Amino acid sequence: MQSRIVKLLIALATAGTLVLSGCKQEDEAVPPPEPVATESEPLPEVTPTGESTGEASGIAAGLDMGALQEREEPKRLLRFYADAIRLGDWQAAAKAWTLDSLMTPEKLRDEFGGDAGPKVAVGKGDASSAAGTLFFQAPVVVDFADGRPSRRGTIVLRRANDVPGASPEQLVWRIERNSIMTQ
């Protein structure tokens, strides 16, 4: 019973955050998101193939795999995800999602794959918390070099707020949902 109440509180808090984030003045200009700079050396320019996961070609070695264990800085996971998408490393990109999202490398490849890796730009995000859970929400723009129209939306990350009994997987940042791809 307590678990249902917690889930309901989280859902209500998330819905309230989303409703409030949509309340903007009509004359308020919202600048497009700026690209998130990577903390590591620039990654090599790679044109992903439709079937490559990046791991076989050695691309995954250039990704910040430590971001998958990040507990403090959600932007680090977003940089990892953006780099994995750009490189066509669908396996790595899928690991950035929560287990209950049921995200697969195949879904990501279908959404973002193509002749050229897309550019993913993440804007300044906002953190919030509710019922022992931390959330991070940021605007996202995906530009495709192969002529497909750009996509805009929001990406939401979450993690448990160091509550007793939380599993190691619950304590690290993961993508919960976004509005830039079909789920």
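Kindly provide the set of residues from the stretch 86-102 that are aliphatic (A, V, I, L, M), at pLDDT below 95 and buried (at least 23 other Cβ atoms within 10 Å of the Cβ), ordered by number.
LEU87
Mind listing whichever residues of the stretch 135-150 are surrounded by fewer than 18 Cβ atoms within 10 Å (Cβ to Cβ) and either outside any loop (DSSP other than H, G, I, E, B) or among the aromatic types (Phe, Trp, Tyr) (or both)? Before the answer, list the steps.
So in the stretch 135-150, the residues surrounded by fewer than 18 Cβ atoms within 10 Å (Cβ to Cβ) come out as 143-150.
Residues satisfying the conditions are ASP143, PHE144.
Any residue at all in the stretch 97-118 that is under 13 Å from PRO74 (Cα atoms) and assigned to a loop (DSSP other than H, G, I, E, B)?
no
For residues that are among the β-branched types (Val, Ile, Thr) and in contact with a helix residue (DSSP H, G or I) (Cβ under 8 Å, 6 or more places away or on another chain), scanning just the stretch 131-150, find the one that is farthest from PRO164 (Cα to Cα).
VAL142
Considering each of ARG158, ARG109, ARG86 in turn, give the residue that is touching a helix residue (DSSP H, G or I) at 6+ places or on another chain (Cβ under 7 Å) and touching a residue at least 24 places away in the same chain (Cβ under 8 Å).
From the options ARG158, ARG109, ARG86, the qualifying one is ARG109.
Which numbered condition trips up VAL120, out of (1) crowded, with 17+ Cβ neighbours inside 10 Å; (2) modelled with pLDDT of 95 or more?
The one condition VAL120 does not meet is (2).
Against the condition charged (D, E, K, R), in contact (Cβ under 8 Å) with a residue 60 or more places away in the chain, on the phi < 0 side of the Ramachandran plot and in a loop (DSSP other than H, G, I, E, B), how does GLU176 come out, does it pass? So that I can check it myself, show each step before the final result.
Values: charged (D, E, K, R): yes; in contact (Cβ under 8 Å) with a residue 60 or more places away in the chain: yes; on the phi < 0 side of the Ramachandran plot: yes; in a loop (DSSP other than H, G, I, E, B): no.
Criteria not met by GLU176.
The values are calculated or read from the model by the stated rules, or taken from the named source; none is laboratory data. Just so it is clear, the structure is predicted and the values come from calculations on it, not from any experiment. Using ideal geometry, Cβ is built from the backbone for each residue, glycine included, and neighbour counts are taken over all protein chains shown.
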